[in-house]
Amino acid sequence: MKEATPAPDELLLRLRRFHSNYFPLHQQRFQDLVAQGQHPKTLFIGCSDSRLVPYLLTGAGPGELFIVRNVGALVPPYDGSHGLHGTMAAIEYAVLNLHVERVIVCGHSHCGAIRAAYEGVPEEARALQAWLKLAQEALLPVQSSPEALLRTEQRSVVLQLERLMDYPMVRREVEAGRLTLHGWHYVIEDGEIHVFDAQQAGFVPASTASNSGTGPYQPYVEYDGQAFTVPEEDLP
Ligand SMILES: [Zn+2]
């Protein structure tokens, strides 16, 4: 007697749907991207959070975003003190090989990584514990509250931009005017990105912002938790 074939699982059904429904509509685009290679203009460094959907937010399609995601959208220091790291490799590759024109660091509201930076993680999560130290400088000397978490998420984005500027190839390209840095904070519940504005040293909703990024590097990123060029109380 022949055994009944099990029903395909949900994920398999989705793969088939992509192949039969979506791919035919965009086949030419994908094939061009294979024939000509990828030439994305944007490196998107985002938190791994499932609610952050870079393609939806930016309206980007295949070939447009070079993406690296990690817990908290954090950038390891260039000095190598954080060991071998995929995020560093992605930044080098995007800038040196792909010659991207912009780098976006995108954090978001209700970020579990930022919350965990305040509240700690299970003993067993040793890598996570070490990793979250990359957000340490953004923490405020207060109890975590919704307001403090939001400010910390934004401060962390600025901190990562600053660390990016320690990457020699990033600094060189930014100073040459070939690369711009963009600090974004996505407010999930509002469906809106808030853009870091260097002049205002704060985050401005995309609906009212004058640009999507920080533009050429300004001294504003001289931020070590104390020596920010704007007064502490004006920090996001
Ligand atoms: Zn997050």
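The values are calculated or read from the model by the stated rules, or taken from the named source; none is laboratory data. Predicted, not measured: the structure shown is a model, and the values here were computed from it. Note that each Cβ is placed from the backbone with ideal geometry, even for glycine, and that neighbours are counted across all protein chains shown. When the accessible area is computed, the model is the full protein with side chains, heavy atoms only, and any ligands, DNA or RNA have been set aside. Shrake-Rupley method; radii C 1.70, N 1.55, O 1.52, S 1.80 Å.
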**Request:** Would you check if there is a residue in region 63-70 being under 30 Å from GLN36 (Cα atoms) and more than 13 Å from the chain's Cα centre (by Cα)?
**Result:** yes
**Fill in**
Reported set for region 197-209 where residues are surrounded by 19 or more Cβ atoms within 10 Å (Cβ to Cβ) and among the small types (Gly, Ala, Ser) is ALA198
**Prompt:** open to solvent by 30 Å² or more (accessible area, probe 1.4 Å), away from the ligand (no atom under 15 Å from the Cβ) and under 22 Å from ALA89 (Cβ atoms) - does that describe any residue in region 177-196?
**Reply:** yes
**Filter result for TYR118 (surrounded by 19 or more Cβ atoms within 10 Å (Cβ to Cβ), among the aromatic types (Phe, Trp, Tyr) and farther than 25 Å from ALA206 by Cα)** = no
**Asked** Is there a residue in region 151-173 that is part of a helix (DSSP H, G or I), within 14 Å of the ligand (Cβ to nearest atom) and open to solvent by 40 Å² or more (accessible area, probe 1.4 Å)?
**Response** no
